[in-house]
1. Give all pairs with beta carbons closer than 8 Å in which a residue from the stretch 270-283 that is in the same structural domain as K322 (by TED's automatic domain parsing) meets a residue that is among the charged types (D, E, K, R) and not in a helix (DSSP H, G or I); count only pairs at least 6 apart in sequence or on separate chains.
2. Looking at (1) of a type in the set (S, T, N, Q); (2) on the phi > 0 side of the Ramachandran plot; (3) buried (at least 19 other Cβ atoms within 10 Å of the Cβ), find the lone condition where T154 falls short.
3. Does the stretch 161-168 include one or more residues that are within 15 Å of the chain's Cα centre (by Cα), within 20 Å of V309 (Cβ to Cβ) and part of a strand (DSSP E or B)?
4. Exactly one condition in (1) in a helix (DSSP H, G or I); (2) more than 24 Å from the chain's Cα centre (by Cα); (3) buried (at least 18 other Cβ atoms within 10 Å of the Cβ) is not met by F308; state its number.
5. Residues in the stretch 188-207 that are away from the ligand (no atom under 12 Å from the Cβ) and assigned to a helix (DSSP H, G or I): how many?
6. Is it true that P115 is surrounded by fewer than 17 Cβ atoms within 10 Å (Cβ to Cβ), at pLDDT 95 or above, more than 15 Å from the chain's Cα centre (by Cα) and closer than 30 Å to F62 by Cβ?
7. Considering A52, A61, A44, A78, which residue is more than 16 Å from the ligand (Cβ to nearest atom), hydrophobic (A, V, I, L, M, F, W, C) and either surrounded by fewer than 22 Cβ atoms within 10 Å (Cβ to Cβ) or in the same structural domain as A138 (by TED's automatic domain parsing) (or both)?
8. Are any residues in the stretch 257-290 surrounded by 20 or more Cβ atoms within 10 Å (Cβ to Cβ) and in a strand (DSSP E or B), and if so, which ones?
Amino acid sequence: MAELDWSNLAFKYRKTDKIIVSVYKDGVWSAPVASEDFNFSFSAFAGVFHYANSCFEGLKAFRGVDGKVRLFRPDENAKRMQSSGRHLDMAVPSEEMFIEMCMMCVRENIDYLPPYGYNAAMYLRPVLIGMNPQLGIASSTEVVFAVLGAPVGTYSGAASLSAGTAVLARNYDRAAPNGTGAFKIAANYATSLHPYNMAHRQGYRELLFLDPATHTKIDEFGSSNFLAIKGNTYVTPLSSSVLPSITNKSLQVVAEDFGLKVEKRAVYVDELAEFDEINACGTAVVITPIASIDDKPTLESTEVTRQFVISKNGLAGEMSTKMYNHYRAIQDGLEQDIHGWCYFLD
Ligand SMILES: Cc1ncc(COP(=O)(O)O)c(C=O)c1O
């Protein structure tokens with residue numbers, strides 16, 4: 001077991017022993033290997049460096065209360081990576097290969113898999129990178145697929161479920177109408193860096209993007225989906241420019257199991273005032289409760305024209321807390337996995 005302070009891992013890069021690598025060349029994927037070399041060597045002309053020929057995934061492996069190791073819904077991440085890679089017209093790994101390489105990554109770095117009881121996990125970062133040299137704009141014909149791992153705790157090191165503030169992105173978009181918002185491609189994240197940095201400098205934890213066509217509807221946060229609770233209803237935006245979050249998809253099922261009605265529909269900014277609970281949701285922390293959302297003419301502006309206050313005590317709402325606890329309990333093996341979401345490491 002690695003000597004790490006398991007209770008203070010936060011969400012940051014930490015080196016493990018190995019990464020798992022396969023290369024696609026001449027129409028075939030090479031057999032995956034566990035490599036101690038964390039450096040890739042590509043031509044400076046590789047498509048990834050110029051045209052962002054690259055997509056990635058994020059999922060977690062947990063050591064359960066029963067000592068068993070569970071990967072949470074890796075089949076869903078495999079499908080999403082296939083969808084992203086195909087949008088870049090690159091070769092993609094099969095679902096089976098994706099899952100096997102994720103399993104290998106956990107096995108080869110098992111000393112870094114946090115023990116049960118620290119609200120920590122091994123984060124897996126599959127990456128698909130176009131590597132052949134090229135000059136013109138073109139899809140990559142040679143591709144590296146690698147699965148990287150890192151032990152992680154809560155995102156910022158903050159206690160889980162502590163509420164944060166958000167601001168609307170009135171004059172920045174993470175995606176274009178009919179663009180790439182629904183794919184987990186690297187380019188989408190480069191787009192959001194500048195407005196995100198600005199929001200963080202202003203003390204906001206989250207930046208909430210609007211639909212890029214009309215800026216009247218909620219899309220999602222920079223790296224998480226938007227979900228709200230209104231009475232007995234779970235509300236989440238239906239939008240073609242939002243990344244289909246696996247956490248959101250799973251929480252919708254948990255909500256239905258709890259007897260809530262799930263609504264996937266347009267969510268207008270004005271409706272923010274009517275929600276009982278609002279959360280950002282994603283693999284990294286499951287949910288981040290949102291205490292308040294500021295609306296400003298521009299992100300640069302110091303003038304707050306409207307403030308939506310959702311949580312007055314800085315805590316997650318009652319239903320969100322219940323869903324979070326249930327969700328984490330499934331991942332930790334404390335609650336029965338009735339939907340068959342967990343894949344066990346043999
Ligand atoms: C833009 C964006 N939205 C939503 C999510 C949440 O997705 P998931 O629940 O699959 O982690 C992520 C993180 O992957 C993201 O980057």
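1. If the second residue must be among the charged types (D, E, K, R) and not in a helix (DSSP H, G or I), the pairs left are E274/K230; F275/K230; D276/K230; A280/E206; T283/K60.
2. Exception for T154: condition (2).
3. Pass one, the stretch 161-168, residues within 15 Å of the chain's Cα centre (by Cα): none.
Within the stretch 161-168, none of the residues are within 15 Å of the chain's Cα centre (by Cα), within 20 Å of V309 (Cβ to Cβ) and part of a strand (DSSP E or B).
4. With (1) in a helix (DSSP H, G or I); (2) more than 24 Å from the chain's Cα centre (by Cα); (3) buried (at least 18 other Cβ atoms within 10 Å of the Cβ) applied to F308, the lone miss is (1).
5. To start, the set of residues in the stretch 188-207 that are away from the ligand (no atom under 12 Å from the Cβ) comprises 190, 193-195, 197-205.
Then keep just the ones that are assigned to a helix (DSSP H, G or I); that gives 190, 193-195, 197-201.
Here the count works out to 9.
6. Working: surrounded by fewer than 17 Cβ atoms within 10 Å (Cβ to Cβ): yes; at pLDDT 95 or above: yes; more than 15 Å from the chain's Cα centre (by Cα): yes; closer than 30 Å to F62 by Cβ: yes.
When the stated conditions are applied, P115 passes them.
7. Working: A52 fails: more than 16 Å from the ligand (Cβ to nearest atom); A61 fails: more than 16 Å from the ligand (Cβ to nearest atom); A78 fails: more than 16 Å from the ligand (Cβ to nearest atom).
Result: A44 is the single residue among A52, A61, A44, A78 that is more than 16 Å from the ligand (Cβ to nearest atom), hydrophobic (A, V, I, L, M, F, W, C) and either surrounded by fewer than 22 Cβ atoms within 10 Å (Cβ to Cβ) or in the same structural domain as A138 (by TED's automatic domain parsing) (or both).
8. Once the filter is applied, which keeps residues that are surrounded by 20 or more Cβ atoms within 10 Å (Cβ to Cβ) and in a strand (DSSP E or B), the stretch 257-290 yields E277, I278, N279, A280, C281, G282, V286, I287, T288, P289, I290.
The values are calculated or read from the model by the stated rules, or taken from the named source; none is laboratory data. Note that the coordinates shown come from a computational prediction; the quantities given were computed from them, not determined experimentally. Neighbour counts are summed over all protein chains in view; Cβ atoms, including those assigned to glycine, are modelled from backbone coordinates with ideal geometry.
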